[in-house]
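A short write-up of the structure that comes next.
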Amino acid sequence: MRQVIEGVDFAVDEHIWGHRLYDEQLPHLAVLEFLVVLGSNADKPLREVAGQKIRYRPQRQIRLRGLLFNNPYVEAVRERSISDEDKWALWVERFAVDADQLGDGDMSYLRTVFNSFDDFAKAIELLRSSSFEAKSNKRWSSKFVFPFGPDAMYEDLRVDADGGASNDRRFFARSGELLYLMLCRAKRGPELGDQLVKRLFDASAPMNRLVKALQGKPQHAGDYRDVGYLPHANHPRFDRLCDDWLAILSRDMPVYDALEHLITSAGLNLLLYFLECGKDQVGDAEPVEIICEIVSRERTKVRALSGDSYQYNQALSLRAVRSSVESIRLSDEWLAATQSQDPNGECAALLRLWFQWPSADGGNDGDSVNSTGDQLIRTLVDKAESRHEQHFGKIHAAWSRAIGLSSRRLSRRTRYAPNDRLLKTLVVAIVDERMQFDEFLSEARKRYGLVIGDAEGIRLVTEKLVDQEALSENRSNLEARLVGLGLVRRLSDSCSFVENPFVDDGAA
């Protein structure tokens with residue numbers, strides 16, 4: 001029996017990838033939502049008990065986000081040539097005008113926390129400058145402070161005109177909940193959970209204490225809620241993601257610097273999960289292939305192949321949706337339904353069991369009551385493809401751009417062209433000890449499907465899609481890039497080593 005997915009008219013995407021991945025929830029927002037779930041389960045992090053749903057009660061921290069993102073008066077008041085007492089009085093008066101009375105009506109506690117109004121204003125300035133998307137035009141209740149500690153993590157909110165607040169599923173669309181489930185189902189999930197709680201949930205950390213000073217007592221949602229639905233009990237990508245995060249956390253760097261690499265790693269592995277599930281659904285057993293052009297001053301022959309690779313993967317999820325619906329024709333149950341005394345009714349019932357469509361009473365699809373099985377499948381395919389293109393179908397483009405995997409630089413077509421940030425994350429995650437450059441390329445191909453040099457692209461050469469020289473040049477371009485980043489040391493023309501600057505000196 002397939003699980004019934006609440007809140008959807010029909011479930012196609014959800015049974016391929018889960019409920020739900022979402023294009024507008026970029027990787028940094030997925031990780032923030034993940035941390036909210038983790039914070040609510042910090043006593044048993046990344047541990048899933050068979051037969052029990054994972055639940056969480058998110059923080060809302062309305063006072064904190066109001067002070068940081070709905071408080072345009074603090075700078076103006078700070079510049080006034082008036083006494084400190086008058087500055088506090090003037091700011092309280094102006095802030096109260098826009099206060100939502102959701103726990104932010106009385107801010108008098110701030111007077112006991114900060115020695116002066118100037119100290120208060122500097123704290124606001126510091127936390128604003130380090131927040132995510134500080135200059136975006138998102139509403140104040142959908143902006144997020146950097147996760148300095150347990151008091152700095154909260155859910156996305158929608159505050160209505162009547163002063164009510166509810167969780168919003170636009171930027172916290174459940175992708176972080178699925179990320180939590182993925183890591184729960186990884187073999188080393190509990191080990192990672194303990195590490196994350198130890199490193200990221202230190203209430204005594206200086207920046208967290210500053211956040212707590214502004215927020216005061218935590219504000220929580222009223223009720224606990226269930227996490228989303230993940231259709232896979234296990235998956236190699238879950239283990240790869242977990243191992244990458246453990247590797248990143250083991251590096252000799254502050255945890256706040258490591259967080260950037262965790263976000264990029266999460267985005268890359270979630271993207272690969274999305275593509276791998278699509279390939280599985282269409283029956284393609286070959287591993288995901290991402291042909292990367294290493295951008296150089298001169299146009300290379302790899303560019304066209306990289307663009308073709310991007311377009312192939314972009315179309316993969318739509319093929320998976322069609323395949324998922326049409327696969328019902330191959331089932332023994334469908335054959336029995338078509339040969340029953342009421343084929344139309346039995347086919348509709350089977351589709352309802354698999355995809356929650358059509359509704360028993362016909363609903364908005366009144367014609368479905370008298371439709372044949374083939375007509376119902378065609379209708380559902382059209383509906384599923386149309387809905388898929390709204391959000392799920394945009395995931396590949398949105399996420400690959402967000403993590404620095406794709407680019408249109410120097411080209412009219414989007415293609416895979418990794419930027420420096422992604423390359424640094426790959427080195428941090430892959431390289432434990434000094435590693436030969438060719439071995440690094442091979443590992444990147446095995447872990448993430450990245451095709452850069454001639455050894456990794458042997459299929460392309462064999463099928464005469466590109467000559468070996470072009471891929472060798474692409475490989476050399478990457479080596480030069482990594483040398484410039486201080487991540488590769490050349491010992492000779494034929495011997496280069498990739499070095500992770502964040503491993504212990506004794507290991508490198």
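Data for the structure
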read-out: C-alpha center-to-center spacing [region 228-305, region 185-226] in angstrom; value: 25 Å
read-out: Lysine pair count for region 153-300 [Cα-Cα under 29 Å; pairs on different chains or 8 or more apart]; value: 4
read-out: Helical mean residue ellipticity (222 nm; -39500 (n - 2.57) per DSSP H run of 4+; nearest 500) of the chain; value: -15500 deg cm²/dmol
read-out: Area accessible to solvent at residue 209, 1.4 Å probe radius, in Å²; value: 130 Å²
read-out: Packing-based order for 317-324, 480-487, 339-346, using average beta carbon neighbours within 10 Å, highest first; value: 317-324, 480-487, 339-346
read-out: Full-extension gain in nm, residue 93 to residue 8, via 0.36 nm per residue minus C-alpha separation; value: 26.1 nm
read-out: Residues residue 394 and residue 312, FRET efficiency given R0 of 25 Å [Cβ-Cβ distance, rounded to 0.05]; value: 0.90
read-out: Prolate/oblate/rounded label for region 209-343 (Cα gyration tensor, a/c 1.5); value: oblate
read-out: Relative contact order %, the chain, counting alpha carbon pairs below 8 Å whose residues are six or more apart; value: 19 percent
read-out: Mean separation of Cα contacts under 8 Å, 6 or more apart, over the residue count of region 21-116: relative contact order %; value: 22 percent
read-out: ³J(HN,Hα), Karplus 6.51/-1.76/1.60, whole Hz, each residue of region 334-342, x for Gly, Pro; value: 5, 4, 5, 5, 5, 9, 7, 6, 10
read-out: Nitroxide proxy distance, nm - points 7 Å out along Cα→Cβ at residue 340 and residue 419; value: 5.4 nm
read-out: Amide H within-cut-off set for residue 406, under 5 Å, with H built and near neighbours excluded; value: 401, 417
read-out: Cβ-Cβ FRET estimate between residue 191 and residue 504, R0 fixed at 25 Å, reported to 0.05; value: 0.80
read-out: Mean Cβ neighbour count within 10 Å, used as a protection proxy, ranking 106-115, 190-199 highest first; value: 190-199, 106-115
read-out: Over 25 Å (Cα to Cα) - which of 143/394; 138/394; 143/383 fall in this group; value: 143/383
read-out: Spin-label model distance (nm) - residue 170 vs residue 42, 7 Å beyond Cα toward Cβ; value: 3.0 nm
read-out: Of the DSSP H helices in the chain, those whose Cα atoms cover at least 30 Å axially and whose Kyte score averages -0.5 or more; value: 255-282, 302-326
read-out: Label-to-label distance, nm, for residues given as residue 115 and residue 129 (7 Å Cα→Cβ offset); value: 2.0 nm
read-out: Cα centroid separation - region 89-148 against region 421-499, whole Å; value: 46 Å
read-out: Under-5 Å amide H pairs with residue 229, H placed in peptide plane, nonlocal only; value: 19, 20
read-out: Net lengthening on full extension, residue 483/residue 76 (0.36 nm per residue, minus Cα-Cα); value: 141.8 nm
read-out: Accessible surface of the chain, 1.4 Å probe, proportion on carbon and sulfur as whole %; value: 46 percent
read-out: Residues of region 456-496 with amide N under 14 Å of the 7 Å Cα→Cβ point at residue 298; value: 469-477
read-out: Accessible area in square angstrom per residue, region 272-382, 1.4 angstrom probe; value: 50 Å²
read-out: Selection from 371, 388, 327 lying farthest towards where the dipole of region 314-408 points positive, charges on Cβ; value: 388
read-out: Coarse-grained scattering of region 352-432 at q = 0.20, 0.25 Å⁻¹, given as base-10 log I(q)/I(0) from a Debye sum over alpha-carbon atoms; value: -0.90, -1.17
read-out: For the chain: rounded, prolate or oblate by the Cα gyration tensor [a/c cutoff 1.5]; value: oblate
read-out: Gain on full stretching of the segment that runs from residue 401 to residue 280 - 0.36 nm per residue minus C-alpha separation; value: 41.2 nm
read-out: Residue 488 long-range amide H proximity, modeled H, under 5 Å; value: 483, 499
read-out: Label zone at residue 108 (point 7 Å along Cα-to-Cβ), backbone N below 20 Å, region 40-73; value: 63-64, 67
read-out: Ranking by accessible area, most exposed first, for 300, 372 with a 1.4 Å probe; value: 372, 300
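The values are calculated or read from the model by the stated rules, or taken from the named source; none is laboratory data. These numbers were taken from a predicted model, which means no experiment stands behind them. Cβ sites come from the backbone with ideal geometry, for glycine too, and all protein chains shown count toward neighbours. Please note that ligands, DNA and RNA were not included when accessible areas were found on the heavy atoms of the full protein model with its side chains. Shrake-Rupley method; radii C 1.70, N 1.55, O 1.52, S 1.80 Å.
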